[in-house]
Amino acid sequence: MPRSRRRDGVDRSDDDPFRPNESVERHRPQAAKTLPAATLTRWLLPARLHRWAVSVSVDTPATVYEAGEPIPVAIELRNPLPVPVTVRTRSPVPWTWHVDGHRDASQVSEPLPESEARFTLDRGERRRFTRRWQQSFQVSETEWRPADRGEHTIGAGLAVDDPAGKGVYDETTVRIE
């Protein structure tokens, strides 16, 4: 039985089943190249399934607040699937929040950048963001107006066309007394 020692110091033999082989086949890759899971699911799952998988929820600790009391807002984006999901957004800012239809509680027009981007949530990932609404609306660059007493709607959604229609939007209502 022929024996040989290579530069790696290992005793090799093609004839002995308990020793490493000498053959040229050993140097060829044995596994295919792998793709990142997010890329693979983006190719295999339709875009509507990616959007369907993402859930958006908006929550406040209470529903009634005194005038002038800051309102904490919790926004949660969640992917319950065992695979990563990627949603195409119309802006590099993947999600926005608003109060009574005013983005970031501001009546000052500041459009989002218009370049398409992708927002990815890993398998089972949950992202939680918090904002604090001071019960006021920005009406100019330097001026804020207090919110009126009564009901106000706080919402959040992904930056896609018609987020409510695509199921990537949620809102809650609070009352200021």
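The values are calculated or read from the model by the stated rules, or taken from the named source; none is laboratory data. What you see is a predicted model; the values in this text were computed from it and never measured. Every residue, glycine as well, gets a Cβ built from its backbone with ideal geometry; the counts of neighbours run over all protein chains shown. The accessibility values were calculated without ligands, DNA or RNA, using every heavy atom of the protein model including side chains. Shrake-Rupley method; radii C 1.70, N 1.55, O 1.52, S 1.80 Å.
Quick look at the numbers
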item: R0 of 25 Å, Cβ-Cβ distance Glu141-Arg175: FRET efficiency to nearest 0.05; result: 0.25
item: The stretch 81-177: trypsin sites (Lys or Arg not before Pro) in DSSP coil with no more than 13 other Cβ atoms inside 10 Å; result: Arg149
item: Cα gyration tensor category, rounded, prolate or oblate, for the stretch 110-152 with a/c compared to 1.5; result: oblate
item: The stretch 95-172: C-alpha gyration tensor shape, a/c 1.5 cut-off, then a/b vs b/c; result: prolate
item: Rounded if a/c under 1.5, otherwise prolate or oblate - the stretch 35-177, Cα gyration tensor axes; result: prolate
item: Solvent-accessible area of Glu177 with every protein chain in place, 1.4 Å probe, in Å² to the nearest 10; result: 90 Å²
